[in-house]
Amino acid sequence: MTDALHLTPELVEDPVRGYADLRARTDVGHAVLPGLDTPVRLLTRFEDVRAALTEPRLIRDRGAVPGGSDMPDPQAELLAQGLEGLPAEYVPYLSGHLALFDGDEHTRRRGPLTRAFTARRVSALRPFVEKTARDLLTLLAGREQADLLGEFAYPLCTAVICELVGVDAADQDRVCGWIRDFAYGDGSGVVEGLAGIVEYTKDLVARRRAEPADDLVSALLADGGLSDDEIVTAFFLLINTGITPPALFLAHGVLALFDHPEQLERLRAEPELLSRAVPELLRYVTLVRIGATLYATEDFEFAGTPLKKGEAVTVGLFGADHDPAAYEAPERLDITREFGRGDGHLAFGHGPHYCIGAALGRVLTSVVFEELLVRRPSAPELAVDRDDVEFGHWPGDGFHLVRLPVRL
């Protein structure tokens, strides 16, 4: 497609100017996402993205398009890359992700998780999050250099998910090791980590059926809405959405404050601003940069664009959260920014697929920023030159920190 914008890492890293040409069009333009070859209609305007996420004629499951579709599919290209080399018997646990279902099937799979993810359960995790964060920070304090991502954020988020699910204390080091190898290791232990998590979770489900506890697996079993295999799949949903995205957000959020020292100084001077700083950092960072692919169920016009049945559309959440039409000076981090009703940003998505762990994410974020940035006698500092901070690039989504060296 000759007029498709090929998104480079440099363009994705600048969500105001990088998407300016797409936003300026009267229709929805095509783009090729980083690391992919298949073009897709890319929505970058805030109101278009919000509308798409509640549009019933745009669905997640391509197989449910009436009569099927033979149009280009970037989601298939992305999944093929992600599942390459994994044993076939484990693939269903990864391809059964909630984000890929719609309507009644999505409701059936999401309902038990929503009912189990109660405010009481999330609130009860706060003391565990606080203690774990403090213990990790104590271990890292005083070192010449500590990796805030690899040695703090990832272990913290992993421990919280294990605690939520109900991994027994005696098993947590082993299970956390598998999760690390599968979700954010160097790639050499992915298959072993995947297999370990699957077999352990199957065993945990059997044990909790015999002896229920106050944990998520027991709650899902009591609910009865999911099969045993679907509970294993739910664990992978929590691993994929509850560890890497929040861990990266914590690191990117701290880096954003390093880049805006006046904002960090003001947050330390006025801790009450934390309740505004968290949503503003969520907007500013928007860790999930590109949302799931959507498919038109029929020919219709959307955002000034005639869509064909089966045509692929995706949402640029990072771009939408930096839309000048939606925010004054969106490129500026402003911890006093007020959003009004609701989130005021799309970092957690919108509509039926709104992030199921958003409440947990807010607890985790507020605890970490308070313990790391507000309570400590002095603020952490970047331990390397800013130009030496290392980023990696993921297919379809863009750039992410590889590590964040700091002095505590």
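The values are calculated or read from the model by the stated rules, or taken from the named source; none is laboratory data. Everything numeric in this text was worked out from a predicted model, so none of it was measured. We place every Cβ from the backbone using ideal geometry, glycine too, and count neighbours over all the protein chains shown.
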Taking the range 294-325 on its own, how many of its residues are hydrophobic (A, V, I, L, M, F, W, C) and farther than 19 Å from Phe101 by Cα? 8
As an exercise: evaluate Leu333 against (1) part of a strand (DSSP E or B); (2) at pLDDT 95 or above and give the number of the one condition it does not meet. (1)
Among the residues of the range 59-69 satisfying the criterion of being surrounded by fewer than 17 Cβ atoms within 10 Å (Cβ to Cβ) and in contact (Cβ under 8 Å) with a residue 24 or more places away in the chain, which is nearest to Arg23 (Cα to Cα)? Asp61
Please name all residue pairs, on different chains or six or more residues apart, with Cβ atoms under 6 Å, provided the first residue is in the range 391-408 and is among the acidic types (Asp, Glu) and the second residue is surrounded by 16 or more Cβ atoms within 10 Å (Cβ to Cβ) and not in a strand (DSSP E or B). Asp397/Arg289
Conditions: (1) out of contact with any Cys (no Cβ under 8 Å at 6 or more places or on another chain); (2) under 22 Å from Cys176 (Cα atoms); (3) of a type outside the set (A, V, I, L, M, F, W, C). Tyr284 meets all but one. Number of the miss? (2)
Please find, within the range 70-122, the residue that is surrounded by the fewest Cβ atoms within 10 Å (Cβ to Cβ) out of those that are in a loop (DSSP other than H, G, I, E, B) and in contact with an Asp or Glu (Cβ under 8 Å, 6 or more places away or on another chain). Met71
Could you check the range 123-153 and list, in sequence order, the residues that are under 22 Å from the mean Cα position of the chain (by Cα) and exposed (fewer than 14 other Cβ atoms within 10 Å of the Cβ)? Ser123
Report every pair of residues separated by at least 6 positions or lying on different chains whose Cβ atoms are under 8 Å apart, first residue within the range 249-274 and under 17 Å from Leu364 (Cβ atoms), second assigned to a helix (DSSP H, G or I) and among the acidic types (Asp, Glu). Leu274/Glu370
For the range 32-58, give me the residue count where each residue is under 17 Å from Pro306 (Cα atoms), of a type in the set (A, V, I, L, M) and surrounded by fewer than 20 Cβ atoms within 10 Å (Cβ to Cβ). 1
State all residues of the range 367-408 that are modelled with pLDDT of 90 or more, surrounded by 17 or more Cβ atoms within 10 Å (Cβ to Cβ) and among the small types (Gly, Ala, Ser); if no residue qualifies, say none. Ala379, Ala383
Looking at the structure I just gave you, is Asp70 within 17 Å of Val288 (Cα to Cα), among the acidic types (Asp, Glu) and out of contact with any strand residue (DSSP E or B) (no Cβ under 7 Å at 6 or more places or on another chain)? no
Go through (1) within 26 Å of Gly349 (Cβ to Cβ); (2) surrounded by 14 or more Cβ atoms within 10 Å (Cβ to Cβ); (3) touching a residue at least 60 places away in the same chain (Cβ under 8 Å) and name the single condition Ala159 misses. (3)
Across the range 300-312, the tally of residues that are surrounded by fewer than 22 Cβ atoms within 10 Å (Cβ to Cβ), more than 15 Å from Arg23 (Cβ to Cβ) and not charged (D, E, K, R) stands at 4
Selection over the range 93-140 where residues are of a type in the set (D, E, K, R) and under 16 Å from Gly225 (Cα atoms) yields a count of 6
